[in-house]
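The values are calculated or read from the model by the stated rules, or taken from the named source; none is laboratory data. Model, not experiment: these values are computed from the prediction. As a convention, Cβ positions derive from the backbone with ideal geometry for all residues, glycine included, and neighbour counts pool all protein chains shown. Please note that ligands, DNA and RNA were not included when accessible areas were found on the heavy atoms of the full protein model with its side chains. Shrake-Rupley method; radii C 1.70, N 1.55, O 1.52, S 1.80 Å.
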Protein chains: 2
Amino acid sequence: VAGDVSMSKELIGAVTYAKGFSASGVRAGIKESGEDIALIVSEVPASAAGLFTTNLIKAAPVNVSQARLPRSGGRAIVANSGNANACTGEQGMADAQKMTSLVSSLLGVDDNDVLVASTGVIGHMLPMDKIASGIEKAVNALSPDGGMSALRGIMTTDTRPKESWASVEINGVEVRIGGIAKGAGMIDPNVATMLSFITTDAAITPELLDLAIRKSADVSYNCLTVDGDTSTNDTVIILANGMSGCRMIDRENSDFEIFSKALDTVTIDLAKQIAADGEGATKIVEVEVVGARSADDCKKIAKTIANSPLVKTALYGSDPNWGRVLAAAGRAGVAFDPNSVDLLFGQIKLVESGAPVPFDQAAANKYLQGQEIIIRVKVGDGPDSARVWTCDFSYDYVKINAEYHT
Amino acid sequence: VAGDVSMSKELIGAVTYAKGFSASGVRAGIKESGEDIALIVSEVPASAAGLFTTNLIKAAPVNVSQARLPRSGGRAIVANSGNANACTGEQGMADAQKMTSLVSSLLGVDDNDVLVASTGVIGHMLPMDKIASGIEKAVNALSPDGGMSALRGIMTTDTRPKESWASVEINGVEVRIGGIAKGAGMIDPNVATMLSFITTDAAITPELLDLAIRKSADVSYNCLTVDGDTSTNDTVIILANGMSGCRMIDRENSDFEIFSKALDTVTIDLAKQIAADGEGATKIVEVEVVGARSADDCKKIAKTIANSPLVKTALYGSDPNWGRVLAAAGRAGVAFDPNSVDLLFGQIKLVESGAPVPFDQAAANKYLQGQEIIIRVKVGDGPDSARVWTCDFSYDYVKINAEYHT
């Protein structure tokens, strides 16, 4: 049925799920072991759009890719793990550009149609010899079945591969969307990088693709927080090559809505997988806030709760500590009436109209011992809402981040 | 010499150091053990001023005291530990007012001249029977030597008593200032309360005292962060009774500057003691930022660095992870040129003009193994600066906050 979104949890190598994409992941020897170069290529020129870190300290590949997007004619994404190419000055910029020109000359495409991303340690120059031979290997290894190896090529300390895919019918034509991701906020002990690459065979203009990925990020990647730290390298890139044969999406019509809805299922699924794989995480936490004066205000409150170390340690301890949640809401910098606050853990109400209410302590503890926790906070009667995802804060978070040495 | 500030680390019961103050700390049975009611009284009416939490969720005693300050004629501060009287609705407001009226009727002073503060668990009604008999005991126990017992009366999970004092000559007259404090950001596993009470025998109008404590807080308490969480109960109250006999400070003249400088030494010393006693802290960390476009911008950057869990865990691990410091600075929401950033741990320079420079790794590790760490970040050539204090983030922070159960 048009607009119905199909999804699956099976690992399929999602970045080659859509028609006309090939990919590869190879070992260049940048990180200690495993694939560390990923390449994703569209058979034909694709609309391309991207989103990048808002950190003032931006890695070289972020500067290179950001300047090239959105664009028509996008052909490839090349990424490396093990070295962030951040705080590397002019040499770093030259190296990032060299990565794209190595790919473009081997593929015989325009240099500006290649995008680049990096993740890994900060402040070290890229080993360009290894990168160059790695890129050659990656081009030779390109395959329509290469999605899984490309996914492995961008992983760093991730404990699980993260991919998601969806298909949707637009005017009787099946359109596919597939995405991969690595990291979260500060999942990597040294840097802080989230990379996500999405491919689709939808036909959509660069402008509309840019709009779609921005709106989608607002309800997915931008609702994600592990510890409030944002990376120098965060990058989301989407390629849409039109090979599904669906009619061109060139305005905000019902086709755009159908495509966007399918895209959201992929990006939200990826965001939740990233939160669940936060460093040391033992559970995924969704914070829903409703009733502030705007959706932005709701998100501010939700993020402040989700980033509170006190809330996160209480969740690790499976403690229904509503006082910490309220105190975090109260310092979010958003106006609301403290006497109108309701608070629930799952379906268990702990606070009504700003005051504690009796609740079943055993049931609350049992709920909080689960692996998926939902905290719901109502701060007023407005129609707006927001939800964000995070994880709890365990001994292992401190262990991973304290014992890592630069 | 006029303006020279004398200080000491000896525990003297600082809140009765200035002339004309008596105090007591007694056990009322609110918390599990130890003194849990503190009372501080001025022999004569005093100028009084205060600062309170900016959290939207304010405890009842905060609302009561805030409405009464600044004022002339202040006579007493009553505080309890073990129960925050927060999220307690109208009953909580009545109970906070009852605490002041119990004191005022026993002392024979005006009710509005008594201030109140609480710290402890959120969401429970005060045990008013215990409070009432405790206050009676506290009034009977008042003594010019009661400063130390009053200090014990406000402590919760503090591992060390925190007090500071200074004396300064104003126009040939010795003026004394003494202060006590408890907690830090979220030092208490359940709430988040910093209480600080300061007494002085300076003669100063309520308006100027209000100005002095606000300016002083900006370079002390407001530069303090343990985990970014702010309490429902944070309270600073200062009483100035004029009994030194110094001439009245009624404008921003040199006497005001001398008094303010001495006050700053007390509040900064208390703030640093609070940071050093953060939950699970193994070291105190000072973050200095210079060169942003305003002092406020410098403070924003410094606080973002000081609150970064990644920076704090790296410091716990004694790792000179400058990349995390830069990444935190870059997401502070303040504009600066990434290529103009210098970064030092103590005297060891790790980053110059935005790029890493070779440094003595062994010396850096040794420096970071110390108990007092200074991180210096220069982000531009402006004259403004800010410094904030925090602590590192250890296994024990998670342990204390996860294992506490409501």
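Quick check on B:A332: is it buried (at least 21 other Cβ atoms within 10 Å of the Cβ) and in contact with an Asp or Glu (Cβ under 9 Å, 6 or more places away or on another chain)? Step through it out loud before you land on a result.
On the way: buried (at least 21 other Cβ atoms within 10 Å of the Cβ): yes; in contact with an Asp or Glu (Cβ under 9 Å, 6 or more places away or on another chain): yes.
Yes, satisfied.
Have a look at A:A79, A:A96 and point out the one that is more than 14 Å from every other protein chain (Cβ to nearest Cβ) and assigned to a strand (DSSP E or B).
Working: A:A96 fails: assigned to a strand (DSSP E or B).
Result: A:A79 is the single residue among A:A79, A:A96 that is more than 14 Å from every other protein chain (Cβ to nearest Cβ) and assigned to a strand (DSSP E or B).
Identify, from the list A:V109, A:V116, A:V121, A:V103, the residue that is within 14 Å of chain B (Cβ to nearest Cβ) and either aliphatic (A, V, I, L, M) or open to solvent by 50 Å² or more (accessible area, probe 1.4 Å) (or both). Full working, then the answer.
On the way: A:V109 fails: within 14 Å of chain B (Cβ to nearest Cβ); A:V116 fails: within 14 Å of chain B (Cβ to nearest Cβ); A:V103 fails: within 14 Å of chain B (Cβ to nearest Cβ).
Sole residue among the options that is within 14 Å of chain B (Cβ to nearest Cβ) and either aliphatic (A, V, I, L, M) or open to solvent by 50 Å² or more (accessible area, probe 1.4 Å) (or both): A:V121.
May I ask you to say which residue of B:A18, B:A49 is outside any strand (DSSP E or B) and touching a strand residue (DSSP E or B) at 6+ places or on another chain (Cβ under 8 Å)?
Working: B:A49 fails: outside any strand (DSSP E or B).
Only one candidate qualifies: B:A18.
Would you pick out the residues in the range A:38-63 that are more than 14 Å from chain B (Cβ to nearest Cβ), of a type in the set (A, V, I, L, M, F, W, C) and closer than 13 Å to A:L195 by Cβ?
Going through the range A:38-63, the residues more than 14 Å from chain B (Cβ to nearest Cβ) turn out to be A:38-51, A:61.
Next, only the ones that are of a type in the set (A, V, I, L, M, F, W, C) stay: A:38-41, A:44, A:46, A:48-49, A:51.
Within the range A:38-63, A:A38, A:I40, A:L51 qualify.
Determine which member of the set B:A271, B:A327, B:A217 is of a type outside the set (S, T, N, Q) and more than 22 Å from the chain's Cα centre (by Cα). Talk me through it step by step, then tell me what you get.
Values: B:A271 fails: more than 22 Å from the chain's Cα centre (by Cα); B:A217 fails: more than 22 Å from the chain's Cα centre (by Cα).
Being of a type outside the set (S, T, N, Q) and more than 22 Å from the chain's Cα centre (by Cα) holds for just one of B:A271, B:A327, B:A217, which is B:A327.
Can you say whether B:A292 is open to solvent by less than 50 Å² (accessible area, probe 1.4 Å) and touching a Cys at 6+ places or on another chain (Cβ under 7 Å), as far as the supplied structure shows?
yes
Residues checked against (1) of a type in the set (V, I, T); (2) modelled with pLDDT of 95 or more; (3) part of a helix (DSSP H, G or I):
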residue	(1), (2), (3)
B:P61	no, yes, yes
B:R75	no, yes, no
B:A86	no, no, no
B:S101	no, yes, yes
B:G123	no, no, no
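Which of the residues spanning the range A:30-44 are closer than 23 Å to A:K19 by Cα, open to solvent by less than 30 Å² (accessible area, probe 1.4 Å) and not hydroxyl-bearing (S, T, Y)?
Initial filter on the range A:30-44 (closer than 23 Å to A:K19 by Cα): A:37-44.
With open to solvent by less than 30 Å² (accessible area, probe 1.4 Å) added as a condition, the list becomes A:37-42.
A:I37, A:A38, A:L39, A:I40, A:V41 - these are the residues of the range A:30-44 that are closer than 23 Å to A:K19 by Cα, open to solvent by less than 30 Å² (accessible area, probe 1.4 Å) and not hydroxyl-bearing (S, T, Y).
Listed residues B:K399, B:K349; which is open to solvent by 30 Å² or more (accessible area, probe 1.4 Å) and more than 10 Å from chain A (Cβ to nearest Cβ)?
Details: B:K399 fails: more than 10 Å from chain A (Cβ to nearest Cβ).
Testing whether each residue is open to solvent by 30 Å² or more (accessible area, probe 1.4 Å) and more than 10 Å from chain A (Cβ to nearest Cβ) leaves just B:K349.
On the given criteria, is B:A327 part of a helix (DSSP H, G or I), in contact with a Pro (Cβ under 6 Å, 6 or more places away or on another chain) and within 11 Å of another protein chain (Cβ to nearest Cβ)?
Numbers: part of a helix (DSSP H, G or I): yes; in contact with a Pro (Cβ under 6 Å, 6 or more places away or on another chain): no; within 11 Å of another protein chain (Cβ to nearest Cβ): yes.
Against the criterion (part of a helix (DSSP H, G or I), in contact with a Pro (Cβ under 6 Å, 6 or more places away or on another chain) and within 11 Å of another protein chain (Cβ to nearest Cβ)), B:A327 does not qualify.
So, in the range B:78-100, how many residues would count as being open to solvent by 10 Å² or more (accessible area, probe 1.4 Å) and of a type in the set (G, A, S)?
So the answer is 3.
Between A:S318, A:S244, A:S260, A:S231, which is part of a loop (DSSP other than H, G, I, E, B), away from every other protein chain (no Cβ under 14 Å) and either under 30 Å from A:D158 (Cα atoms) or polar (S, T, N, Q) (or both)? Working first, answer last.
Working: A:S318 fails: away from every other protein chain (no Cβ under 14 Å); A:S260 fails: part of a loop (DSSP other than H, G, I, E, B); A:S231 fails: away from every other protein chain (no Cβ under 14 Å).
Step by step, each of A:S318, A:S244, A:S260, A:S231 is checked, and only A:S244 is part of a loop (DSSP other than H, G, I, E, B), away from every other protein chain (no Cβ under 14 Å) and either under 30 Å from A:D158 (Cα atoms) or polar (S, T, N, Q) (or both).
Applying the selection to the range B:292-307, what residues are over 21 Å from the mean Cα position of the chain (by Cα) and within 11 Å of chain A (Cβ to nearest Cβ)? Spell out how you get there, then give the answer.
Narrowing the range B:292-307 to residues over 21 Å from the mean Cα position of the chain (by Cα): B:292-294, B:297.
If the condition is that a residue be over 21 Å from the mean Cα position of the chain (by Cα) and within 11 Å of chain A (Cβ to nearest Cβ), then no residue fits.
On the given criteria, is A:F393 facing chain B (nearest Cβ under 8 Å), modelled with pLDDT of 90 or more and buried (at least 17 other Cβ atoms within 10 Å of the Cβ)?
Numbers: facing chain B (nearest Cβ under 8 Å): yes; modelled with pLDDT of 90 or more: no; buried (at least 17 other Cβ atoms within 10 Å of the Cβ): yes.
So A:F393 does not fit the description; no.
Filter the range B:45-77 for residues that are of a type in the set (V, I, T), buried (at least 20 other Cβ atoms within 10 Å of the Cβ) and farther than 21 Å from B:D95 by Cα and give the result. Show your work before the answer.
The initial filter retains those residues of the range B:45-77 that are of a type in the set (V, I, T), namely B:53-54, B:57, B:62, B:64, B:77.
Okay, now just the ones that are also buried (at least 20 other Cβ atoms within 10 Å of the Cβ), so B:53, B:57, B:62, B:64, B:77.
Across the range B:45-77, there are no qualifying residues.
Of the residues A:S42, A:S47, which is among the hydroxyl-bearing types (S, T, Y), touching a helix residue (DSSP H, G or I) at 6+ places or on another chain (Cβ under 7 Å) and at pLDDT 95 or above?
Details: A:S42 fails: touching a helix residue (DSSP H, G or I) at 6+ places or on another chain (Cβ under 7 Å).
When all the criteria are applied, what remains is A:S47.
All but one of (1) open to solvent by 10 Å² or more (accessible area, probe 1.4 Å); (2) over 20 Å from A:N55 (Cα atoms); (3) part of a helix (DSSP H, G or I) hold for A:R214; which doesn't?
Every listed condition holds for A:R214 apart from (2).
Can you tell me which of B:K366, B:K378 is open to solvent by 30 Å² or more (accessible area, probe 1.4 Å) and touching a helix residue (DSSP H, G or I) at 6+ places or on another chain (Cβ under 9 Å)?
Values: B:K366 fails: touching a helix residue (DSSP H, G or I) at 6+ places or on another chain (Cβ under 9 Å).
Exactly one of B:K366, B:K378 is open to solvent by 30 Å² or more (accessible area, probe 1.4 Å) and touching a helix residue (DSSP H, G or I) at 6+ places or on another chain (Cβ under 9 Å), namely B:K378.
Just the residues that are over 17 Å from the mean Cα position of the chain (by Cα), surrounded by fewer than 20 Cβ atoms within 10 Å (Cβ to Cβ) and among the charged types (D, E, K, R), please, taken from the range B:277-289.
Residue satisfying the conditions is B:E288 alone.
Open to solvent by 10 Å² or more (accessible area, probe 1.4 Å) and closer than 23 Å to B:I180 by Cα: which single residue out of B:D129, B:D145 fits that description?
Working: B:D129 fails: closer than 23 Å to B:I180 by Cα.
Checking each option against the conditions leaves just B:D145.
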